[in-house]
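Some notes on the structure that comes next.
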Amino acid sequence: MSIKSDRWIRRMSQEHGMIEPFVERQVRGAENSRVISYGVSSYGYDVRCADEFKVFTNIHSATVDPKNFDEKSFVDVKSDVCIIPPNSFALARTVEYFRIPRNVLTICLGKSTYARCGIIVNVTPLEPEWEGHVTLEFSNTTTLPAKIYANEGVAQMLFFESDEDCEVSYRDRGGKYQGQRGVTLPRT
């Protein structure tokens, strides 16, 4: 298994639609604009956060249960920024839609800009032949409100290609998050 370079990511996205929309270079802020980078990097792809958020709230005294998830646990926010309360959590999704090849495993890692502010992006694998918008999980580990910016970089995807196809892919086993669009809540 090997990690894939910027050239491989460009080729797979342009020829096979692996990432849509695809930004073939790393976009950074101009001289006086401050943008958290996104697009192709040396050995990965920095994804952007869309402007749809679900922020945890406890106004209904709901219990978080992955087997019986209560949608009242969240408040929906559509905005260019999302404020996550202290010691709280929010869900979002990537701008990009992914189609992972059968012989590729993709790992999501948080960007250091957010990590240095106490905002943690959960590490999530994208399995072979999974496709959809990636649901992003943000934890605010600080005692202060934290801000997430839509349409800017929030996490990096690393692509690992095997020299052989997997025996059973995510698509083969009918994975419950296959083809997800928008922010997707837990399913059992």
Members of region 108-125 found to be under 10 Å from the mean Cα position of the chain (by Cα), of a type in the set (A, V, I, L, M) and in a strand (DSSP E or B), listed by number: L109, V121
Members of region 136-188 found to be over 26 Å from V55 (Cβ atoms), exposed (fewer than 15 other Cβ atoms within 10 Å of the Cβ) and hydrophobic (A, V, I, L, M, F, W, C), listed by number: F160, V168
Close pairs from region 33-52: first of a type in the set (F, W, Y), partner part of a loop (DSSP other than H, G, I, E, B), Cβ under 6 Å, at least 6 apart: Y43/S5
Pairs, first among the aliphatic types (A, V, I, L, M) in region 105-127, second assigned to a loop (DSSP other than H, G, I, E, B), C-beta under 7 Å, six or more apart: L105/E127; L105/P128; I107/V123; L109/V123; I120/T141; L126/I100
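So which of V75, V35, V40 ends up being of a type in the set (V, I, T) and either under 17 Å from the mean Cα position of the chain (by Cα) or crowded, with 17+ Cβ neighbours inside 10 Å (or both)?
One residue alone meets the criteria, V40.
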Residue within region 41-62 that is within 13 Å of E152 (Cα to Cα) and among the β-branched types (V, I, T) present: yes
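Laboratory data are not the source of any read-out in this text; all were calculated from the coordinates shown. Computed from a predicted structure; not experimentally measured. Cβ coordinates were reconstructed from backbone atoms using ideal geometry, including for glycine residues, and neighbour counts include every protein chain displayed.
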